[in-house]
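Undergrad: First, the structure itself, so that you have it in front of you.
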Amino acid sequence: MRREMRRSLLGAVGLVVCGTVQLAAHPHKPGSSTDGHHPQAARAPDESRRAAAFHLDFFTDIARRCPLACQPRLITQSVLEHRFVSGAPDAPTLERLVSQRNELLDTLRKKLPWLSASWSSDRLAWDAPPGTLEVTERRPRYVVVEICNVTERVLQASVDAGTPDARVAHEIAPGASIPFLVAIQPTADRAQISVHGEQETRALELPVERVVAATLRVQLLDGESKRPVAGRVTVEPSDGRLRYAGPFVENRTFLEKPIVQLAPMRMVAVPFFYADGSCEVEVPPGRVQVRFERGFEHASIDQAVEVAAGERRDVTLASESLLDAKRSGWISGDTHIHWVTNAWNVDLPLADLALVQRAEGLRVANNLTLLHRNPDDAFVKPSQAPMGPVLRYCDSEYHLEMGEEYRNQNLYGHLCFLNLQWLVLPIGTGPQIAGDDSLDYPVNKTAILEAREQGGISIEAHGTGNNHELPLNAVHGLTDSLDQIDPEDYYRLLDCGFQLPLTNGSDHPARVAGCARAYVHIEGEFDYEKWIDGIRCGRTFTTSGPLVFLDVDGQGPGSVIVPDPDKRSQVRVRAISRFPLGRVQIVSNGEVLEEVETQARDATLECPLPLDTSRWVVARCSRNDRWNAIWDADVAHTGAIYSHPEGKPVFKPEAARAWISRMQSHARDILTRGRFANASQRSEATRYVEESIRRYRRMIELHDQARLNDGFQDQKDRLLIQAGFASSRTHAPEFLAACEEATTIAELQKLVEPLTLLRIHINPESRVKISVGAALETVVQHRTARFLVEVHNEARVQSRLQLRAMDQAGTPAVPAEWCALRLVENLVSTSYLTGQEHEWKLVEFR
C-alpha cells in the first residue's frame, strides 16, 4: 500500500495538474486536511511553486555532488523549475514541468540506487530489505533515500550518512514522500543513515561491500597522424557517477561551473575533464563508458569496456575528423574568455588555456581583461600579459590574444575590444563595476573610439541584456559585431538595414571555454589580423556544435548580392554536426523560406531566392527550436547575406520605431539613475541618445523618399550617417558641429575632404574623370578601411557605378591582386547613381 501510494506521489501525472507530484515534493500547510494515506486531488499554486523549489534543490544537488551522464538534462530541468518558481515570462506550464520532471526522475531511478523507507509514529524502517551496496575504496557511493511520512503530522526531516554538512531539512506532508541524496562512505561494512526529525533522530542500516577499484589507462590519438592529442574525456562507470582525472583534477575551476540562468547562480559539476594525450582513471568494477571529444570538427568517439576489480586496462581512442574547416578558410574562435578561476580574481596559467584550445579545437582564444571593484575586493584580471598576441602560444594553427572587456552595468552595457595594442582606460565605469562611488562617465562611445584608433574592433557583449546602447552604436557605425544576441533582436537590427555579423564567446569562467564560438572566414594562410577583418566584413557564423555554411550563388555571409532579374539565384545551406541536427532552416526577412527536420548529422538544404524585394538571408540549426547558441548546446546561426535588387537594403519602419522606444527609455534612465559629476557630463550622455533617435527618425523619413528629390538637409543627413561608418574622426564634437553649421555643398566637401579617397566627375557628355583624394595615407595589411567617394554628376546619370583597382606598375595595367576595392552597399550607401548632382558613396579598401 505504501509503495503504491509513494509511486503515485512521485511519479504520476494526473489530469488534475496540481495534484500528486507536488504533494510528493512538499508538504501541506499545517492544518491541511488529509487522511495520511491519499493525496489531495488539487493543490494551491504556491504549493506547486514549493514543489518546483524542492526539485530545483534536488536536481542541482545531484548535478553538483553526483554528476551523471544525464547532467545536461539535470541542468535544463533545474532552469525550468527556477523559471516556474520565479514566475518568469518564459516559465513552462505546470503540466509540461511535471511531465518533464517525472521523466527525469524515472531516469534517475535507473542511474542511482533508489531506496525507500517509511517514518511512522514509532519507528523508521525500510519498505523492503536493501541489498548490499558496493562502494569503491576511497570514493563515496551516492544513493537516493526516499522517506515517506505515514504519520498524521507534518514531518520536518533531513537525512545524512555521517556528513552533517550536507544535511538540508525539508517538510514531508502526511502521506507524502520526498527523496534525499546521501553519500555512503567506504569506511565500514554497514553504513548508518540518520533521519533527523524535529524531536528525534532515527537510523537505518545499509549493508556495504567495499571493492577494489580498476584503473583505466586512456590514450587519445589523432585518427590520421596517430599522434597523442589533447581532448575532452567523459568516464561513466558502473555506479553512474562520472569520474575525473587529467592535469586539472584538483582545480575546481575545471571541475564545476555555475548555472548562469539561475539567480543566485548555483555551481554544478562539469561532466568531462581535459587530458593531454593520456590519463589514468580509477573506476569501480563493471561496465565503463568512455567518450573522447575534440571540438566541433571531430566526431565524438565512444567505447565501452568491462573491467574487473583491481584490473589495469588500456583503452585507446582515435579521433575522426568530420570536416577540416580551416582548410576551407573557416577559423573558430572564442571572442570572450576571462582566463581566471571561478572566483574571477585569480589568474590561471596561459599554458593551461593553450592546452584547452587544442582540446576544444578552438583556433583563436581572446583573453579579456576587466575591472571589478566592490567594498570587499578590487582587481584588474586577467593580467597574465599586456594587450596583443601572447607569442609563446601563437603559431600557424592556434592564436592566443589578450583583449579587454570594457563594462558599464548601470546604463550603457559591456563591450569586447579585440586587436588592441594597449588597454582602453578606465576599463570600467559606474556602480556595480568600478565601485559604488564611480561615475557613469566617460560614456562607452568614447572607449569605442579609442579602441578603433588602435585598429581594434568593438563587439556588443551579452546581447541586448544590459547593452542599452547597442542601437545607438549601430546607427553611428560603431558596432563591429554582436555576441550572444537573441535572434529576434538580431533580425530587428537587420530590418533597419544594418549589416552586422554574429560572433560568440563563452564568458569563461561563467561557462566552459569554447562552448559557444564564432567561425570566421579568411582567405589564405591563418593570421589573427585576417580573422579580425573577417569579423569586420561579416563573414561569420556562431555555434555551440553544428557547422552551418550558407551561400547565395556562391557568396557567403557578409556579402551583398545585386541579383540579375533574368537569372535565378539559389540559396544553399550545408549543416554538419557530431550529433543529430534537428531542424535546419533558411530564414529571410523573418520568414522561413525552407526547412528540414532530420536526425541525420549531415544535411543540405536549397531553395530559390525570391527577387520580389530586398532581403537579408540567414541559416540556423537547432534540436529544440531555440536559436541562441550561448544558451543551448547544438545550436548554430549564420550571419546574414544581403540581396538588394534595386540597390536598397531591407528597411522596416516598425523595427526602427522599436529601437527608438528602447532609446527613449534609456534616456530616462540616464536622467533618473545616471551618476555624473556635473550637468555637462550628463548632457553628453543624453545628446548621444538624442542624436541617435534623430538619425533613426531621419532614416524612416528618407526611406521612401526618392533620392532625386533630396534637399540640402537630406544630403547633409545622409552624409553625416555615411561619414560615421567611414571614420572615427566624424564622431568628434567639432566635426558634428561643423556639419550642422554647413549651408552649402562646398562646405560639406571641405569638411569630409580628409575622408575622401576618390573624386568622380561625370561631365554633361557623361565622360568620367577620377582623381585621388587626400584620405589614403597609411593602410594596414589585411585590415579593411572605409573611405568616402565624392561624386559630381553633372550629367545626372542614373546607373550603377563600378570601381576596380588596377596595378599600373607594368604596361599594360592589370587588375591589382595586392588590394581589394569595392563600393559599399548598405543602408547609407549604394553603388547606384541616383541622378543627384552631388552625392557621396562609401568604399572599402583592403
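The values are calculated or read from the model by the stated rules, or taken from the named source; none is laboratory data. Since this is a predicted model, take the numbers as computed values, not measurements. Methodologically, a virtual Cβ is constructed for each residue, glycine included, from the backbone with ideal geometry; neighbour enumeration extends over all protein chains shown.
Undergrad: Answer yes or no as to whether Gln261 is in the same structural domain as Ala304 (by TED's automatic domain parsing) and out of contact with any strand residue (DSSP E or B) (no Cβ under 8 Å at 6 or more places or on another chain).
TA: On the way: in the same structural domain as Ala304 (by TED's automatic domain parsing): yes; out of contact with any strand residue (DSSP E or B) (no Cβ under 8 Å at 6 or more places or on another chain): yes.
For Gln261, the condition - in the same structural domain as Ala304 (by TED's automatic domain parsing) and out of contact with any strand residue (DSSP E or B) (no Cβ under 8 Å at 6 or more places or on another chain) - is met.
Results for (1) among the hydroxyl-bearing types (Ser, Thr, Tyr); (2) in contact (Cβ under 8 Å) with a residue 60 or more places away in the chain; (3) closer than 18 Å to Cys537 by Cα; (4) not in a strand (DSSP E or B), shown as yes or no for each residue.
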site	(1), (2), (3), (4)
Glu450	no, no, no, yes
Asn467	no, no, no, yes
Leu472	no, yes, no, yes
Phe498	no, yes, yes, yes
Val512	no, yes, no, yes
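Undergrad: Restricting to the stretch 706-729, and then to whatever is part of a helix (DSSP H, G or I) and polar (S, T, N, Q), can you tell me which residue is modelled with the lowest pLDDT? Quick ask: steps written out before the conclusion?
TA: Let us first name the residues in the stretch 706-729 that are part of a helix (DSSP H, G or I), namely 707-709, 712-726, 728-729.
Adding the requirement that they be polar (S, T, N, Q) leaves 709, 713, 715, 722, 728.
On the way: Asn709: 69, Gln713: 90, Gln715: 89, Gln722: 90, Ser728: 85.
Step by step, filter the stretch 706-729, then rank; the result is Asn709.
Undergrad: Ok, one more. It is to be established whether one or more residues within the stretch 780-792 are surrounded by 12 or more Cβ atoms within 10 Å (Cβ to Cβ), part of a loop (DSSP other than H, G, I, E, B) and more than 39 Å from the chain's Cα centre (by Cα).
TA: From the stretch 780-792, those surrounded by 12 or more Cβ atoms within 10 Å (Cβ to Cβ) are 782-792; that's our starting set.
From what's left, part of a loop (DSSP other than H, G, I, E, B): 782-784.
This time we only want the ones that are more than 39 Å from the chain's Cα centre (by Cα), so: none.
Taking every residue of the stretch 780-792 in turn, none turns out to be surrounded by 12 or more Cβ atoms within 10 Å (Cβ to Cβ), part of a loop (DSSP other than H, G, I, E, B) and more than 39 Å from the chain's Cα centre (by Cα).
Undergrad: Considering only the stretch 31-62, state which residues are modelled with pLDDT of 95 or more and touching a Pro at 6+ places or on another chain (Cβ under 9 Å).
TA: Passing the criteria: only Phe58.
Undergrad: Shifting gears a bit: Condition first: of a type in the set (Phe, Trp, Tyr), farther than 30 Å from His703 by Cα and surrounded by 21 or more Cβ atoms within 10 Å (Cβ to Cβ). Now tell me which residues in the stretch 485-528 satisfy that. Walk me through it before giving the result.
TA: Residues of the stretch 485-528 that are of a type in the set (Phe, Trp, Tyr), as a first pass: 490-491, 498, 519, 526, 528.
Right, trim to farther than 30 Å from His703 by Cα and you get 519, 526, 528.
Passing the criteria: Tyr519, Tyr528.
Undergrad: If you don't mind, there's one more thing I want to ask. Could you look through the stretch 438-480, keep only residues that are touching a strand residue (DSSP E or B) at 6+ places or on another chain (Cβ under 9 Å) and either of a type in the set (Lys, Arg) or at positive phi (or both), and pick out the one that is surrounded by the most Cβ atoms within 10 Å (Cβ to Cβ)?
TA: The selected residue is Gly477.
Undergrad: Return the residues of the stretch 162-200 that are β-branched (Val, Ile, Thr) and either in a strand (DSSP E or B) or within 19 Å of Thr151 (Cα to Cα) (or both); say none if nothing qualifies.
TA: Ile172, Ile178, Val182, Ile184, Ile193, Val195
Undergrad: Let me ask something else. The conditions are (1) assigned to a loop (DSSP other than H, G, I, E, B); (2) surrounded by fewer than 14 Cβ atoms within 10 Å (Cβ to Cβ), and Ser665 fails exactly one of them. Which is it?
TA: (1)
Undergrad: Here's something else I'd like to know. Consider Ala738 carefully, then state whether it is modelled with pLDDT of 90 or more and among the small types (Gly, Ala, Ser).
TA: Yes: the conditions hold for Ala738.
Undergrad: Out of the stretch 260-276, which residues are buried (at least 22 other Cβ atoms within 10 Å of the Cβ) and assigned to a strand (DSSP E or B)?
TA: Of everything in the stretch 260-276, those that are buried (at least 22 other Cβ atoms within 10 Å of the Cβ) and assigned to a strand (DSSP E or B) turn out to be Val268, Phe273, Tyr274, Ala275.
Undergrad: Sort through Tyr642, Tyr688, Tyr696 and tell me the only one that's within 30 Å of the chain's Cα centre (by Cα), among the hydroxyl-bearing types (Ser, Thr, Tyr), assigned by TED's automatic domain parsing to the domain that holds Asp566 and surrounded by 14 or more Cβ atoms within 10 Å (Cβ to Cβ). Write out each step before concluding.
TA: Values: Tyr688 fails: assigned by TED's automatic domain parsing to the domain that holds Asp566; Tyr696 fails: assigned by TED's automatic domain parsing to the domain that holds Asp566.
Unique residue meeting the criteria: Tyr642.
Undergrad: Would the stretch 805-817 turn up any residue that is in contact with a helix residue (DSSP H, G or I) (Cβ under 9 Å, 6 or more places away or on another chain) and within 24 Å of Val560 (Cα to Cα)? Show your work before the answer.
TA: Initially, the stretch 805-817 is screened for residues in contact with a helix residue (DSSP H, G or I) (Cβ under 9 Å, 6 or more places away or on another chain), giving none.
Checked against the condition, which is being in contact with a helix residue (DSSP H, G or I) (Cβ under 9 Å, 6 or more places away or on another chain) and within 24 Å of Val560 (Cα to Cα), the stretch 805-817 yields no hits at all.
Undergrad: Does at least one position in the stretch 812-824 carry a residue that is part of a strand (DSSP E or B), touching a Phe, Trp or Tyr at 6+ places or on another chain (Cβ under 8 Å), in contact (Cβ under 8 Å) with a residue 60 or more places away in the chain and closer than 28 Å to Glu701 by Cβ?
TA: No - not one qualifying residue is present in the stretch 812-824.
Undergrad: Here's another thing I want to ask about it. Where in the stretch 277-373 are the strands (runs of 3 or more DSSP E), entirely inside, with at least 2 residues that are small (Gly, Ala, Ser), touching a strand residue (DSSP E or B) at 6+ places or on another chain (Cβ under 8 Å) and surrounded by 21 or more Cβ atoms within 10 Å (Cβ to Cβ)? Step through it out loud before you land on a result.
TA: On the way: elements: 278-283, 286-293, 301-307, 312-319, 330-337.
Ranges flagged: 330-337.
Undergrad: In the stretch 83-103, which residues are in a helix (DSSP H, G or I) and surrounded by fewer than 21 Cβ atoms within 10 Å (Cβ to Cβ)?
TA: Arg83, Val85, Ser86, Leu94, Glu95, Arg96, Ser99, Gln100, Asn102, Glu103
Undergrad: Turning to a different aspect of this structure: For Ser727, state whether it is more than 26 Å from Ser831 (Cβ to Cβ) and either without any contact (Cβ under 8 Å) to a residue 40 or more places away in the chain or surrounded by 15 or more Cβ atoms within 10 Å (Cβ to Cβ) (or both).
TA: No; evaluated as a whole, the condition is false for this residue.
Undergrad: Search the stretch 108-132 for residues being in a strand (DSSP E or B) and surrounded by fewer than 19 Cβ atoms within 10 Å (Cβ to Cβ), and hand back the single one that is farthest from the chain's Cα centre (by Cα).
TA: Taking the candidates together, the pick is Ala125.
Undergrad: Follow-up. Based on this model, can you work out whether Arg796 counts as under 18 Å from Asp714 (Cβ atoms), charged (D, E, K, R) and more than 34 Å from the chain's Cα centre (by Cα)?
TA: yes
Undergrad: Filter the stretch 805-846 down to residues that are under 28 Å from Lys750 (Cβ atoms), small (Gly, Ala, Ser) and at pLDDT below 85, then give me how many there are.
TA: Taking the stretch 805-846 and keeping what is under 28 Å from Lys750 (Cβ atoms), we get 805, 819, 821-846.
Among the residues that remain, those that are also small (Gly, Ala, Ser) are: 805, 829, 831, 835.
Pick out the ones that are also at pLDDT below 85 and you get 805.
Residues that pass the stated criteria total 1.
Undergrad: Being closer than 26 Å to Asp480 by Cβ and not hydrophobic (A, V, I, L, M, F, W, C) is the filter here, so list the residues in the stretch 630-653 that pass it.
TA: If the condition is that a residue be closer than 26 Å to Asp480 by Cβ and not hydrophobic (A, V, I, L, M, F, W, C), then Asp632, His637, Thr638, Gly639, Tyr642, Ser643, His644, Gly647, Lys648, Pro649, Lys652, Pro653 are the ones that fit.
Undergrad: If the requirement is being among the small types (Gly, Ala, Ser) and over 40 Å from the mean Cα position of the chain (by Cα), which of these qualifies: Ala723, Ala738? So that I can check it myself, show each step before the final result.
TA: Values: Ala723 fails: over 40 Å from the mean Cα position of the chain (by Cα).
Residue meeting the stated conditions: Ala738.
Undergrad: Of the residues in the stretch 207-238, how many are surrounded by 21 or more Cβ atoms within 10 Å (Cβ to Cβ) and either of a type in the set (Lys, Arg) or within 20 Å of Val182 (Cβ to Cβ) (or both)?
TA: Looking only at that region, the number is 2.
Undergrad: If you don't mind, another one. Go through the stretch 800-827 residue by residue and tally those that are loosely packed, with under 11 Cβ neighbours inside 10 Å and either of a type outside the set (A, V, I, L, M, F, W, C) or closer than 30 Å to Gly497 by Cβ (or both).
TA: 8
Undergrad: May I pose another question? Being touching a Gly at 6+ places or on another chain (Cβ under 9 Å) and closer than 19 Å to Thr335 by Cβ narrows it down to one of Leu439, Leu418, so name that one. Before the answer, list the steps.
TA: Values: Leu439 fails: closer than 19 Å to Thr335 by Cβ.
When all the criteria are applied, what remains is Leu418.
Undergrad: Quick check on my filter: what residues within the stretch 775-804 are at pLDDT 85 or above, closer than 19 Å to Glu529 by Cβ and among the aliphatic types (A, V, I, L, M)?
TA: Ala785
Undergrad: Ok, one more. For the stretch 232-262, which positions are aliphatic (A, V, I, L, M) and in contact (Cβ under 8 Å) with a residue 24 or more places away in the chain?
TA: At the first step, the residues of the stretch 232-262 found to be aliphatic (A, V, I, L, M) are 233, 235, 242, 245, 249, 255, 259-260, 262.
Val233, Val235, Leu242, Ala245, Val249, Ile259, Val260, Leu262 - these are the residues of the stretch 232-262 that are aliphatic (A, V, I, L, M) and in contact (Cβ under 8 Å) with a residue 24 or more places away in the chain.
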